[in-house]
Amino acid sequence: MGRKRVVLAGLAVVAVTGLAVGLYLFQPWRLVTDREVREALPSVTEPQPAGTSGPPPTAAPPADVVLAAGDFVTHEHDTSGRAQLVRLADGRRQLLLRGLDTSDGPDLRVWLTDRKVLPGRAGWQVFDDGRWVELGRLKGNIGDQVYDIPASVDLDGLRSVSIWCKRFAVSFGAAPLAAAGSGSTPS
């Protein structure tokens, strides 16, 4: 009888430890929670691709310029919104996330990468295969957000944004960065 209690106690400790580790790693409550962020975004206008109609050009160029932009596609979790890479009038560069809507998750980061955005499951795990720059933790899974890009970051060849789950090495969603007004990716 005593041996049976020791075995049961041991199994109980293993089960509780396993549950605690699982909860820590997966944080399942984040699938049903949201962190909404509404940061003030600079006023920028994306140039229209050649041959499209838009507002008439103004005499003075805008103070803040969109360098590249693209819409998010879904990877591991439903993701939507728009990413804009901008250069401000004072020379600083920022990544703007407009209307982002994705799932909350453990250890989410915002990455600029050199990888092409692939739709569906094929694109889930490609972003850590090449060059990437982490701009910080995702501030919220819903809303408008601004991430400063350090002056030391060389943007040449960076052509996408990923909402990257560092813990599980998977993209929740990503946006290709096409050069503003051209429809092509920046070089």
Residue by residue through the stretch 90-97, which ³J(HN,Hα) values in whole Hz follow from phi under the Karplus form 6.51 cos²θ - 1.76 cosθ + 1.60 (θ = phi - 60°), with glycine and proline marked x?
7, x, 5, 10, 9, 9, 9, 10
Distance in nm between pseudo-label sites at Lys116 and Glu36 (7 Å out along the Cβ direction from Cα):
3.8 nm
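Values in this text are rule-based calculations from the coordinates and carry no lab data. Computed from a prediction, not measured in an experiment: that's the story for all the values here. Every residue, glycine among them, receives a Cβ derived from its backbone with ideal geometry; neighbour counts consider all protein chains shown.
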